[in-house]
Structure formats: structure tokens, C-alpha cells
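Step one of this worksheet: look at the structure below.
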Amino acid sequence: SQQGEEDPQALSIQEGENATMNCSYKTSINNLQWYRQNSGRGLVHLILIRSNEREKHSGRLRVTLDTSKKSSSLLITASRAADTASYFCATDPNYGGSQGNLIFGKGTKLSVKP
Amino acid sequence: DTAVSQTPKYLVTQMGNDKSIKCEQNLGHDTMYWYKQDSKKFLKIMFSYNNKELIINETVPNRFSPKSPDKAHLNLHINSLELGDSAVYFCASSQESRGYNSPLHFGNGTRLTVT
């Protein structure tokens, strides 16, 4: 079964508004990472939050992690048209000491209208 | 000075052909990967490779073979291409780490279309 699943699948907002995307996962993790993908480009790493962290900030990005609920959220404040992209969460699974590869969700497509 | 570069960007070919996609990284990373992104944007790992070990995703057909001439390059060779191989293929790299996955640096992808 798929690990990270983002919600919503698509989100459309006006410039200046905040955008919140959620990610749920199933297994224990070492960390959770968020990536952005612009159309026709590769994924770009945004932020990594470790399993023992609850919140992390980077510029206009705020990520939270709730390991008890196996969920994370990405908040983009004061959105801009340039934030239009797909956003993916990726979980780094912890298989009890055995290291696996990052597992990506299907992404949230964010559209920010000027 | 692109960190992870892959060529070609677009590849259109017929069923049954053999093709290769090249990838190079100048980040000094020890680990490289190939990912496949389907039409629904789902990204799935195919291979990971570092100086010591090639890890193959067992769901990948053996028509796909990674080849690494050195730690800065990881090429993907595909034999007997099928229609279902049409997708965007991404190369990525990361620093080697013990016990957890470091952030990935992705190339811009190769859009493969099999007709």
C-alpha cells in the first residue's frame, strides 16, 4: 500500500492567501520531507522534519509533524503566483533498523491565481 | 553548473527498440537513483546505487538496467521498449547517510514516449 498520501489532490487559491496541504502515512519514519515540482521540471527539496520534531519553519513555509496521527502538514503563507506547483511529501521509513528508500505520495497540485 | 543533469529531455521511440538515458551529478554525492513518474504524477523508485551496492526494486522488469561507470554517473538502459514504459524518468542523487535518507537532488527528467 502507498505510504504518503497528500490531501487535497488539488487546491486553488488567490495570491496572498495561505495554502495548507496535508500528508498521511502508515509506517514508522525517520523523517518526512516536502518537495515542490514545477511543471516540466524535477522535484526540489523544500524542508525535512525529523521524527522527534513537531514543527519547522523555512521562510514562508511551516511544516508540522504528528507522529501519533502519522500525519504532516505544509503551510505556505502569503502565497504568490510563483508558488504554483505540485507539492509532494516523502516519508523515510524506519523498518526497525533496516533502511528503506524515500516513498513519495501522489502530490497536491497548488494553483495560485494573481 | 546544473547539479544533476540528464539527457535527453525528450525521447520518442518505437516499441521493441533499446534506448539509454544518461545522468550526471556534480555534487559529489555517493548515492544515485532512478525514479519513474507516471501520468498521474506518482513517483516510484526504480533503483538506488552507491559505491558499494546496487539496490533493485523487484517490481522493475529486467529490461531495465542501470549502469554506473563512476560515482558521478548513473545511466539507465532499457531493452525491448513497451508502450507501458512511457513515463517521465528522473535521476536523483543524495549524500550517503547512516540510518536515514538525506534530501534528494533531482534532474529535470526525461519524457519517454513509446509508440
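The values are calculated or read from the model by the stated rules, or taken from the named source; none is laboratory data. A quick note: this is a predicted structure, and the numbers were derived from the prediction, not measured. All Cβ positions, glycine included, derive from the backbone under ideal geometry; neighbour counts span all protein chains shown.
Remark: B:Ile55 falls outside the filter, which requires a residue to be within 14 Å of another protein chain (Cβ to nearest Cβ), modelled with pLDDT of 90 or more and outside any loop (DSSP other than H, G, I, E, B). Scanning segment A:25-43 for residues that are more than 7 Å from chain B (Cβ to nearest Cβ) and touching a strand residue (DSSP E or B) at 6+ places or on another chain (Cβ under 8 Å) yields A:Tyr25, A:Thr27, A:Ser28, A:Ile29, A:Leu32, A:Trp34, A:Tyr35, A:Arg36, A:Gln37, A:Asn38, A:Ser39. Comparison of A:Asn101, A:Asn94 shows that the only residue that is part of a loop (DSSP other than H, G, I, E, B) and either within 13 Å of the chain's Cα centre (by Cα) or within 14 Å of another protein chain (Cβ to nearest Cβ) (or both) is A:Asn101. Every listed requirement among (1) among the hydroxyl-bearing types (Ser, Thr, Tyr); (2) more than 10 Å from every other protein chain (Cβ to nearest Cβ); (3) assigned to a strand (DSSP E or B) is met by B:Ser48 save one, (2). Of the set (1) without any contact (Cβ under 8 Å) to a residue 24 or more places away in the chain; (2) within 13 Å of the chain's Cα centre (by Cα), all apply to B:Glu58 but (2).
In segment A:68-91, the qualifying residues are those that are within 14 Å of chain B (Cβ to nearest Cβ) and among the polar types (S, T, N, Q), and the one that is farthest from B:Glu53 (Cα to Cα) is A:Ser86.
Here is a yes/no grid of residues against (1) under 12 Å from the mean Cα position of the chain (by Cα); (2) within 27 Å of B:Ser5 (Cβ to Cβ); (3) modelled with pLDDT under 95; (4) of a type in the set (Gly, Ala, Ser):
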| residue | (1), (2), (3), (4) |
| --- | --- |
| A:Glu17 | no, no, no, no |
| A:Asn30 | no, no, yes, no |
| A:Gln33 | yes, yes, no, no |
| A:Arg36 | yes, yes, no, no |
| A:His45 | yes, yes, no, no |
| A:Arg60 | no, no, no, no |
| A:Leu65 | yes, no, no, no |
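All of A:Leu11, A:Leu46 fail the test of being away from chain B (no Cβ under 14 Å), among the aliphatic types (A, V, I, L, M) and in contact with a strand residue (DSSP E or B) (Cβ under 6 Å, 6 or more places away or on another chain), apart from A:Leu11. State which residue pairs qualify: first residue over 19 Å from B:Leu43 (Cα atoms) and inside segment A:73-89, second residue assigned to a loop (DSSP other than H, G, I, E, B) and at pLDDT below 95 in any location, beta carbons under 7 Å apart, and separation of 6 or more residues or different chains. As it stands, the answer is A:Ala81/A:Pro114, since those pairs meet every condition given.
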